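The structure appears right after this line, and notes come after that.
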Amino acid sequence: MAANTETMTINMGPQHPSTHGVLQLILELDGEIVVKATPHIGFLHRGIEKLSEHRTYHQTIPLTDRLDYLAPMSNNLGYVLAVEKLLGITDEIPERVQRIRVIMAELTRLKSHLVWLACHALDIGAMTVFLYCFRERECITDIYEKVSGARMTSNYFRVGGLAEDLPDGLEGDIRDFVESMPAHIEEYEGLLTGNKIWQKRTIGVGEISAEAAIDIGITGPALRASGVDWDLRRDNPYSGYEDYDFDVPVREGCDTFDRYKVRLDEMRQSTRIILQALDKLKPGPILADCPKVVLPAKQDVVNNIESLIHHFKIVTEGFKTEPGEIYQGVEAPKGELGFYLVADGSAYPFRMKIRPPSFVNLQGLPQMVEGKLLADVIAVIGTLDIVLGEIDR
Amino acid sequence: MVMTPEVLTLSETPWLFTGVMLVKIAVAFVVTLLIVAYATYAERKTIGRMQTRMGPTMTGPKGLLQPIADGLKLFFKEDIIPAQSHWAAFILAPMMILAPAFISIAVIPFGGDLHFNYDGVLYAVPMQITDLNIGLLFIIAMAGLGVYGIVLAGLASNSKYALLGGIRSTAQMISYELAVGLSIVVIFMLSETLSLRGIVAAQQLPLWGLESVSYIPNWYIFCQPLAFGLFVIGSMAEINRTPFDLPEAETELVSGFCTEYSAMKYALFFMAEYANMITVSAVATTLFLGGWGGPFYGWINFLLKVFAFMFFFIWIRATFPRLRYDQLMFLGWKIMLPLALVNIVLTGIAILLW
C-alpha cells in the first residue's frame with residue numbers, strides 16, 4: 001500500500017519566540033525536514049526612506065536609530081558620513097570627533113554582537129549565555145546613556161561632529177569596561193565553544209559557499225566566515241580606521257559555528273580598536289568648522305549676529321547641498337550598511353536608499369535551510385543576525 | 001524485653017491497616033505536591049543565581065510565596081478550549097500526564113520501618129505506600145503511560161506546533177524508554193528482585209561483600225556506573241528536561257504539545273513535569289544510591305539524595321543547549337541502546353564467573 005504523504009505548511013512567525021522580531025517564515029515541512037522556506041517581510045515597515053525625503057538632513061538622524069535598533073550608533077555613523085560626503089566636508093571633521101565616532105561604533109559592534117550571541121544561544125537552548133551577555137550589554141547601554149541620554153536610540157552623531165562631548169570620567173569607564181571584556185568573551189566561549197551539544201548544533205549547519213554568499217551579496221561576519229576576506233573598515237576605511245592596528249578574522253568553514261567564532265574574534269578586535277582610540281584621544285573641538293552646516297555654540301548665537309543668522313537658517317530650513325548623488329558604506333556589526341543619497345540642491349534629500357545588511361543577508365536563508373531540519377532554521381535565523389527594523393525600514 | 005514488631009495486614013487488622021494506608025497516601029501526596037510547588041521555586045532561584053540574577057523576590061519573604069501565587073493565578077485564568085480541538089481528548093490529556101507521574105510515587109520506599117504501639121501490640125509500618133513485587137516494572141509502565149498524555153495533547157489541540165511536539169515526544173519516549181529499561185536490567189540481575197524495597201535492602205551490605213571496604217556501601221552506582229549514566233541521561237530525555245526538551249522546545253515549537261493550553265490545564269502539565277522529575281530522582285536514588293541508607297535518619301537521607309538529583313537536573317538546564325531531533329535519535333538508538341546491551345552481557349558474564 002502506497003502511503004499517502006503530503007507536506008505540511010507551517011506558519012512560523014510573525015508571532016514566534018525566535019524569529020527575532022516580526023519575521024514570518026512560511027515553511028513547507030516533510031516531517032521535520034524543511035522542503036521550502038519563504039521569508040515574508042514588511043511587518044515593521046515604517047517608511048523611513050520615504051520619511052527622510054520630507055525632513056532636513058539633521059532631522060533624519062533620529063530615524064536611523066530605528067533601523068538596526070541593536071546598533072544605533074553604526075546607523076548614525078553611516079548616515080552622517082554619507083551626508084558629510086555629499087557636502088564635501090569629510091576632511092574637515094576634527095580628529096577628536098573621528099576618534100569618538102570609532103569608539104562608539106566599536107562599542108556598538110560589541111553591543112550588537114552581545115545581543116546576537118545572547119539570542120543565538122538562547123534559540124539553541126543555552127539559556128545562561130543569554131543573561132551573561134545582557135549583563136555586559138548593560139554596561140554599554142550605560143555608556144550610551146551617559147553620552148547621549150538614551151540607552152538605545154542614541155541620536156548622538158551630528159553632521160559635522162557630535163551632539164555633545166564625552167562627559168567627564170567616561171573615558172575611564174569605557175577603558176575599564178573594554179579591558180574586562182576579553183575575560184567575559186572567554187567566559188562565553190567556556191560555556192559554548194567546547195560544548196559537544198553546541199558543536200553538534202552548529203558545525204555543518206547553515207552552510208553557504210563563498211560564491212553563493214557573494215552572489216547574494218552577503219556581507220559582514222557571515223561573509224568572512226565563508227572565507228572571503230572583506231571588511232570595509234580595512235578595505236575602504238572611513239572615520240580614520242586606517243590609523244588602527246586590528247585583524248580581520250576570517251574562517252573557511254562556511255557554517256554556523258564559524259560565524260560564531262568570527263563574531264567572537266571580532267569582539268576581541270573591537271576591544272583592541274577601542275583601546276587604541278582611547279590612547280589616541282586628545283582634547284579638541286567636537287564640531288567641524290563649517291558654519292553653514294553645523295549649529296553654532298549657544299554663546300555665539302546670543303552675542304554674534306552672524307551666528308544668530310546661521311542658527312536661524314539651519315534650524316528653520318536646514319542646510320542645502322549641491323545637487324548630486326553619493327554612496328557611503330560602513331562596516332556595521334551585521335555587514336555593509338550603505339546610504340545612497342540623491343540631492344537636488346534643496347534642504348531635503350531627493351531620495352535616500354538604505355542598503356541594510358540584514359535584508360541582504362536574509363536572502364541567504366532559504367538555501368541555507370532547505371533540506372535541513374526545523375531546528376536548523378532556528379539556528380540559521382540566529383546566525384544570520386537579522387534585525388527586522390533594518391529589513392523592513 | 002524487645003518485642004518483635006508485627007506487620008500490618010489487611011486480613012488481621014483491617015481498620016488499622018486501612019487507616020495507616022490512607023495516612024501514608026495523604027502524606028506522600030501532600031509532600032510530593034509541596035515538593036512540586038517548591039521545586040519550581042528552587043529551580044527559579046537556583047538558575048537565577050547561576051545566571052547572575054535574583055529569581056523571585058517580591059512575593060512573600062524572599063519570594064517564597066511565588067509558587068502559590070503562580071498556582072492561584074493559573075487557577076483563576078480563563079480556561080480556553082480551542083474551537084477546532086477535540087475537546088474530550090483535550091481535557092483528558094493533562095490528567096493523563098499528571099496521574100501516572102503521581103502514581104509512581106506509590107511504590108517508592110522513603111525509609112525503613114516505622115514502629116508504633118497500638119493496643120499493646122508493636123506494629124511495623126514500612127515507609128512506602130505499597131511494596132509491589134514488580135515495583136520497578138510498575139514504574140516503567142507508568143512512565144510509558146505518561147507519553148499518551150503528551151501525544152494526546154499534541155493531537156487534540158489540532159495545532160501544527162502541538163502536533164510536531166507530540167510527534168517528537170512519541171519518538172523520543174519510545175527510544176529512551178528502551179535504553180532506560182535496558183540500563184536497569186542489570187539491577188534486577190544483581191539484586192534478583194523487582195521489589196524496590198528488596199533492591200534497597202540489597203544495597204545496604206558492604207561493597208561486593210568485601211569486609212575490607214565496609215565503609216563503602218554496596219550502592220549500585222559503584223558497581224554499575226555505566227548503567228547509572230545511561231539511566232540518568234535516559235530519564236532526562238523521558239521527563240523532557242534540557243538538553244532533551246524537544247517536545248516543548250520553546251524557541252522552535254513555541255511551546256510544543258502544550259501550546260494551546262491555558263489556565264489550570266497548563267498548570268497540570270507544569271506540575272507533571274516536576275512530579276516526573278521527583279519520580280525519576282526518587283527512582284534513581286532507590287536503584288543506584290542505596291535508597292534511604294546513609295548517615296542520617298532514613299527518610300532524611302532519601303530526601304537529601306532526591307534533592308541532590310533535582311539540583312543536578314536544574315544545573316544541567318542552566319548549562320547545556322538543546323539537542324536536535326536527529327541527534328537525539330542517534331544518541332538513543334546508536335549509542336545508549338548498544339551500551340546498555342553490552343552492559344547487560346558483561347554483567348551477566350561477571351555474575352556467572354563470580
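Return B:Cys258, B:Cys223, A:Cys133, A:Cys254 ranked ascending by Cβ neighbour count within 10 Å, so the fewest neighbours appear first.
Ranking B:Cys258, B:Cys223, A:Cys133, A:Cys254 by Cβ neighbours within 10 Å, fewest first, gives B:Cys223, A:Cys254, A:Cys133, B:Cys258.
Once you keep just the Cα pairs under 8 angstrom separated by 6 or more residues, what percentage relative contact order results for region A:208-360?
Over region A:208-360, the number comes to 21 percent.
Which three numbers, in whole Å and largest first, are the semi-axes of the equivalent ellipsoid of region B:220-354 derived from its Cα gyration tensor as √(5λ)?
30, 22, 11
Averaged across the residues of A:127-136, what count of C-beta atoms belonging to other chains lies within 10 Å of each residue's C-beta?
Across A:127-136, the average partner-chain Cβ count within 10 Å equals 4.
Which percent, to the nearest 5, of DSSP beta bridges fully inside the protein assembly as shown are antiparallel?
Just about 95 percent of them are antiparallel.
Which three lengths, in whole Å and largest first, does region A:313-377 cover when its Cα atoms are put on their principal axes?
Taking the Cα atoms of region A:313-377, the three principal extents are 59, 21, 17 Å.
How fast does chain B diffuse by Stokes-Einstein, in µm²/s, taking the Kirkwood radius from C-alpha pairs at 37 °C and 0.692 mPa s?
Diffusion coefficient, whole number: 151 µm²/s.
Let's test this: bin the Cα-Cα distances of region A:257-393 at 10 Å from zero up to the farthest pair and state each bin's percent.
Spelled out per bin, shortest first, that is 10, 22, 25, 24, 13, 5, 1, 0.
Size of the dipole of region A:290-393 about the Cα centre, Lys and Arg at +1 and Asp and Glu at -1 on the beta carbon, nothing else charged, in debye to 20?
200
Got a sec? Charge dipole of the protein assembly as shown, +1 on Cβ for Lys and Arg, -1 for Asp and Glu; which of A:Tyr132, A:Met104, A:Leu362 is way out at the positive end?
Final value for the positive-end residue is A:Tyr132.
As an exercise, take the mean of 1/r over every pair of distinct alpha carbons in the protein assembly as shown, invert it, and state the Kirkwood radius in angstroms.
By the Kirkwood definition, the hydrodynamic radius is 29.6 Å.
Please arrange B:Tyr274, A:Tyr348 by how many other C-beta atoms lie within 10 Å of their C-beta, fewest to most.
A:Tyr348, B:Tyr274
How much net charge surrounds A:Pro291 when only the other residues with a Cβ under 11 Å from the Cβ of A:Pro291 are counted, with Lys and Arg +1 and Asp and Glu -1?
-1
Measure out, as a whole number of angstrom, how far apart the alpha-carbon centroids of region A:282-334 and region A:115-151 sit.
33
Post the alpha-carbon centroid distance, region A:57-89 to region B:32-105, in whole angstrom.
Between the Cα centres of region A:57-89 and region B:32-105 lies a distance of 48 Å.
Using amide H atoms built in the peptide plane, which far-off residues or other-chain residues are under 5 Å from B:Ile134 H to H?
Close amide H contacts, sequence-distant or interchain: none at all.
Rg/Rh for region B:110-178 to two decimals, with Rh computed the Kirkwood way over all alpha-carbon pairs.
My calculation of the ratio gives 1.33.
Taking the Cα centre of the protein assembly as shown as the origin and placing charges on Cβ (Lys, Arg +1; Asp, Glu -1), which of B:Gly198, A:Gly329, B:Ile184 is farthest toward the positive end of the dipole?
The Cα lying farthest towards the positive end belongs to B:Gly198.
Over chain A, what is the relative contact order in percent, taking alpha-carbon pairs closer than 8 angstrom and at least six residues apart?
Computed over chain A, the figure is 27 percent.
What does the charge add up to near A:Leu87, with Lys and Arg as +1, Asp and Glu as -1, over the other residues with Cβ less than 9 Å from its Cβ?
Its environment carries a net charge of 0.
Per residue, how big is the convex hull of region B:38-193 when only Cα atoms are used? Give it in Å³.
For region B:38-193, the hull spanned by Cα atoms encloses 224 Å³ per residue.
Between the DSSP loop rule and a limit of at most 11 other Cβ atoms within 10 Å, which trypsin sites (Lys or Arg not before Pro) in region A:41-104 are left?
Within region A:41-104, no trypsin sites (Lys or Arg not before Pro) qualify (loop, at most 11 other Cβ atoms within 10 Å).
Using the basic label-point model (7 angstrom from Cα toward the beta carbon), what is the A:Glu28 to A:Glu211 distance in nanometres?
For the pair A:Glu28/A:Glu211, the computed spacing is 2.5 nm.
Given charges of +1 on the Cβ of Lys and Arg and -1 on the Cβ of Asp and Glu, with all other atoms neutral, how large is the dipole of chain A about its Cα centre, in debye to the nearest 20?
Result for chain A is approximately 680 debye, rounded to the nearest 20.
Ranked by Cβ crowding within 10 angstrom, fewest neighbours first, how are A:Ser18, A:Ser154 ordered?
A:Ser18, A:Ser154
Please find, in a Gaussian network model of chain B (springs between Cα atoms separated by less than 10 Å), the residue of B:Pro61, B:Pro217, B:Pro94 whose mean-square fluctuation is greatest.
B:Pro61
Which value results for Rg/Rh of chain A when Rg is the Cα radius of gyration and Rh the Kirkwood radius based on the inverse mean 1/r?
Over the Cα atoms of chain A, Rg/Rh equals 1.01.
So, with +1 on the Cβ of K and R and -1 on the Cβ of D and E, and no other charges, what is the size of the charge dipole of the protein assembly as shown about its Cα centre, to the nearest 20 debye?
980
Using a Gaussian network model of chain B with C-alpha springs under 10 Å, which one of B:Pro100, B:Pro126, B:Pro295 is most mobile by mean-square fluctuation?
Per the Cα network of chain B with a 10 Å cutoff, B:Pro295 tops the list.
For a quick check, take a GNM of chain B with Cα springs below 10 Å and name the residue from B:Asp113, B:Asp326, B:Asp131 with the largest mean-square fluctuation.
B:Asp326
Take peptide A:186-198, look around each residue's Cβ out to 10 angstrom, count Cβ atoms belonging to other protein chains, and average those counts.
Counting Cβ atoms of other protein chains within 10 Å of each residue's Cβ and averaging gives 2.
May I have the pair-distance distribution P(r) for region A:138-297, computed from all Cα-Cα distances with 5 Å bins from 0 and rounded to whole percent?
2, 8, 12, 15, 17, 16, 13, 9, 5, 3, 1, 0
Which of the GluC sites (Glu not before Pro) across region A:91-194 are loop residues per DSSP, with 15 or fewer other Cβ within 10 Å?
A:Glu164
Which pairs, out of B:Lys160/B:Lys305; A:Lys111/B:Lys73; A:Lys261/B:Lys305; B:Lys45/B:Lys77; A:Lys85/A:Lys313; A:Lys280/A:Lys334, put more than 30 Å between their alpha-carbon atoms?
Correct reply: B:Lys160/B:Lys305; A:Lys111/B:Lys73; A:Lys261/B:Lys305.
Read the figures in this text as sums done on the coordinates, not as results from a lab. Bear in mind the structure is a predicted one, so any value in this text is a computation, not a measurement. Methodologically, a virtual Cβ is constructed for each residue, glycine included, from the backbone with ideal geometry; neighbour enumeration extends over all protein chains shown.
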